[in-house]
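See structure below.
Every read-out reported here was derived from the displayed coordinates using simple, explicitly stated rules and does not represent laboratory data. What you see is a predicted model, and the numbers here were worked out from it, not measured in a lab. Because the Cβ atoms are built from the backbone with ideal geometry, glycine has one as well, and the counts that use them run over all protein chains shown.
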Amino acid sequence: MQKPAWEGLFQKLGINTETLARGKNSGVMASRPWTESEREAMRKLAEDTYKQFTSKAAKGRKMDLAKLESLAGGRIWTGKQAKENGLIDELGTLEDAIAEARKVGGLDAKSEIEEFPKATNPFESLFGGRDEDAPSDASIVVKAATTLGVEIPRALKPLLQLPRLAKERTLFMPQMFVEIN
C-alpha cells in the first residue's frame, strides 16, 4: 500500500495543513508520511486483504492454497501462462467474454449491450461534462475568494486554469483538489 505524502510540496506552495485526529491511527490519510504505528496498521490491512483474496481465488479455482500462493505474490503472467497454471479458464477477447456471458445468462446473440456509465473522453472524466454554460470549479473558487476577500496564493493560480485548458484539450494531468480557507 502507498499514499502520497504531500507535506513538503504544500510547504513550498505556502499551503498550511492541519490534521485533527482522535485515535492511534486516525491520521493515516493525512498529507504527511505514516507513523510507525500507521505503517504497521496499513501493513496488516494489506496482508489481511491479500489473504482474503488468495483464499477466495484458490477456492474459486478449486486449487490448493499453497499452489495458488506459489503462483501469486504480485507475479505477472501472460495469458497463455495463466491458463497453463490454472489461473484462468479461457483466453479471448471482450467479444468472446460477452458471448459467454450471454450464453450463461440465457440471452440470445441479438440482445442489446449498453454501457453504464456512458464512456467519456479523459478530459471529461477528469474535469466534468460538456455543459459550456456552467461555471467551472475554478471560476467558483475565484468568485468565492473575491467575495470573502481572500487572496489566492500566486503558486495556486496556475491550477485555476486547468478546467479551461482541459476544454481546449491542451493538458492532461491527474485531478487535483485544493481547498482554500
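Here are the numbers for the structure shown:
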read-out	value
Computed label-point distance, nm, for sites residue 99 and residue 24 using a 7 Å Cα→Cβ extension	5.5
In Hz, Karplus ³J(HN,Hα) per residue of the range 36-50 (6.51, -1.76, 1.60; θ = phi - 60°; x = Gly, Pro)	4, 5, 5, 4, 5, 4, 5, 4, 5, 4, 4, 5, 5, 4, 5
Burial order of peptide ranges 106-113, 45-52, 34-41 (average beta-carbon count within 10 Å, highest first)	34-41, 45-52, 106-113
Percent of Cα pairs exceeding the 16 Å cut-off, where the set is the range 1-61	58
Residue 54-residue 152 FRET efficiency (beta carbon distance; Förster radius 45 Å; 0.05 resolution)	0.40
Residue-count net charge about residue 96 - beta-carbon cut-off 15 Å; Lys, Arg +1, Asp, Glu -1	-1
Neighbour-count ranking [beta-carbon atoms within 10 angstrom, fewest first] of 28, 104	104, 28
Long pairs among 44/67; 83/103; 12/51; 24/59, criterion Cα-Cα beyond 32 Å	12/51; 24/59
Volume of the Cα convex hull of the range 1-123, divided per residue and given in Å³	226
